[in-house]
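To start, the structure under review is shown below, and the notes come after it.
Taken together, the values in this text are just the output of simple stated rules run on the coordinates, not laboratory data. Note that the structure is predicted; figures quoted are calculated from it, not measured. Every residue, glycine among them, receives a Cβ derived from its backbone with ideal geometry; neighbour counts consider all protein chains shown.
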Amino acid sequence: MSRARGIDGLSGTDKDKLLAGVRATRKAGKGRRPTELAAVRDAKRKAAFDFGELPNVRQMRMQRAAADLLGIENPYFRSHAGIAGNRTTIGNREYVNFSSYDYLGLNGHPAVTAAAKGAIDQYGVSVSASRLVAGERPVHRDLERGLADFLGVEDCVVMVSGHATNVTTIGHLLGPKDLILYDALIHNSVTEGARLSGATRRTFPHNDLDALEDMLTQMRDRAERVLIVVEGLYSMDGDLPDLPRLLSIKRRFDAWLMVDEAHSLGVLGATGRGLAEHWDVDPNEVEIWMGTLSKTLCGCGGYIAGSTALIEYLKLSAPGFLYSVGMPGAVAAASKVCLDLLEQEPERVTRIRENGHRFVERARQRGLDVGPSAGYCVVPVIVGESVSAAMLSQRLHDAGVNALPIIFPAVAERSARIRFFVTAAHTAEEIDTTVDLTAEALTEVRAAGSQLKKLVGDRVRS
């Protein structure tokens, strides 16, 4: 029995049918004489490896071929002309944009731009060394001190990549005798860091803290150290964890708690200080706060915030920081000004919360499945099939809305979706119009049925 895999739940048999024409062309080479085959083999020995032969590459090309046959444009790597805020220009057309995580609308703010330009004049475009050696600049510590004060913890370190921040921190702090437990919807950077550490690692069902407790009951005594990792606001479902209960669990089992606030900084809490402010708890009860500079703070990179001892240790020994070039001065300066504006203009936080709630409420009124989204900056519209999600995204694009599909294997096939990033800059009209367009387009897509399976059937009959 063949298993359903890949886009739209196609079985292996259906994939074979879809690519029958490709395989037929390969059969044409079977009639070659032995001397010709030997020449081909010799040529292959001398050539570099063809990565097109990798199964994953062939799978991606199969998906692209199927999308081409269905008339679905590639929604990824589209080039945007200029700043992509609530509006963006692709080609020569303006779109309402729900694929940018410039959550507070600060990218392009005059003060932010001026800070970046001033830093380039002062420091150039690169610090040209790791910070340990000769790459340290005053603007780095200005940003780190500002973040630590804003979050209410002792210290902070910034790194040049958000993904690498998680990988190097987790990979460096934990080892083979340890245990790492993380939510099923955690970001890839956390799972990669856990894999690098060599620790025993387990996934608990999304936001299921009963399951987390059961795992700790069964496994805690076999590990020296235990790390629990959650997100402040989940980037796929738009919901958040129960921080007070997590603190109770980690204390009871003598574990460390790490919160990835990539999507919650500037969004959760009355003044945008994140999950701790949202739940009104002391941020110093959490061992490790992680966040990124690329969303609310309009820069690039990540940070770890927590105790002085933690930050000193990471700055002197974490490979991803120690052996990497320092953050460009322009990025650090721009992010620091964004942080200042976040403190000075808390109404931006109020506005993104109102916009997120408006999107979710209207979507539910129109019968759209937004899953468990709490109605902040991330709102999924769950479609249920990868091809259907891609077709819905295409219809929205044709109607002037830029919202991208999240498909298998990024999510389970039955959970394929369009993900909407809601920002403080969106207008009520943009939100309402987009929700209405989405509801109408999804009805049309579902009425058309499973297009890919129809395509396979048509090709077989022909």
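What shape does segment 242-374 take by its C-alpha gyration tensor, where a ≥ b ≥ c are the square roots of the eigenvalues and a/c under 1.5 counts as rounded, a/b above b/c as prolate, and the rest as oblate? Judged from the Cα gyration tensor, segment 242-374 comes out oblate (a/c at least 1.5, b/c at or above a/b).
Look at the Cα gyration tensor of segment 314-390: its axes a ≥ b ≥ c give a/c of at least 1.5 with a/b at or below b/c, and that counts as oblate. Most simply put, the chain has about 55% antiparallel DSSP beta bridges, counting only bridges with both residues inside it. Taking the charge dipole of the chain about its Cα centre, with +1 at Lys and Arg Cβ atoms and -1 at Asp and Glu Cβ atoms, the residue from GLY152, GLY266, ALA211 reaching farthest to the positive side is ALA211. Packing around the peptides 240-246, 262-268, 60-66, 166-172, taken as the average count of other Cβ atoms within 10 Å per residue, puts them in this order, highest first: 262-268, 166-172, 240-246, 60-66. If only the Cβ of Lys and Arg carry +1 and only the Cβ of Asp and Glu carry -1, the dipole of segment 408-447 around its Cα centre is close to 360 debye. Hey, what angle do you get for helix 308-317 against the long axis of the chain, alpha-carbon based, 0 to 90 degrees rounded to 10? That works out to roughly 50 degrees. Of the chymotrypsin sites (Phe, Trp or Tyr not before Pro) in segment 61-101, the ones in a loop by DSSP (not H, G, I, E or B) with at most 10 other beta carbons within 10 Å are TYR76, PHE77.
Oblate is the label for segment 372-417, because a/c, from the alpha-carbon gyration tensor with a ≥ b ≥ c as root eigenvalues, is 1.5 or above and a/b does not exceed b/c.
For the chain, the longest principal axis of the C-alpha atoms and the axis of helix 34-46 are separated by about 10°. Based on the Cβ-Cβ distance of ARG366 and ALA447, what FRET efficiency does E = 1/(1 + (r/R0)^6) give at R0 = 25 Å, to the nearest 0.05? Approximately 0.95, to the nearest 0.05. Computed from Cα atoms, the angle from the helix 188-197 axis to the main principal axis of the chain rounds to 80 degrees. Around the Cα centre of the chain, unit charges on the Cβ atoms of Lys, Arg, Asp and Glu (plus for the first two, minus for the last two) sum to a dipole of about 2980 debye.
In this simple spin-label model, placing a label point 7 Å from the Cα along the Cα-to-Cβ direction at both ARG220 and ARG145 gives a separation of 4.0 nm. Here the simple spin-label model places points 7 Å from the Cα toward Cβ, and for ASP280 and ASP340 these points are separated by 3.3 nm. For segment 110-344, a Kirkwood radius taken over Cα pairs fed into Stokes-Einstein (25 °C, viscosity 0.890 mPa s) yields D = 137 µm²/s.
Of the chymotrypsin sites (Phe, Trp or Tyr not before Pro) found in segment 274-328, those in coil by DSSP whose Cβ has at most 16 other Cβ atoms within 10 Å are TYR323. The slack between THR113 and ALA129, meaning 0.36 nm per residue of separation minus the straight C-alpha distance, is 3.3 nm. An ellipsoid equivalent to the chain, defined through the eigenvalues of its Cα gyration tensor, has semi-axes of 39, 29, 25 Å when rounded to whole angstrom and sorted largest first.
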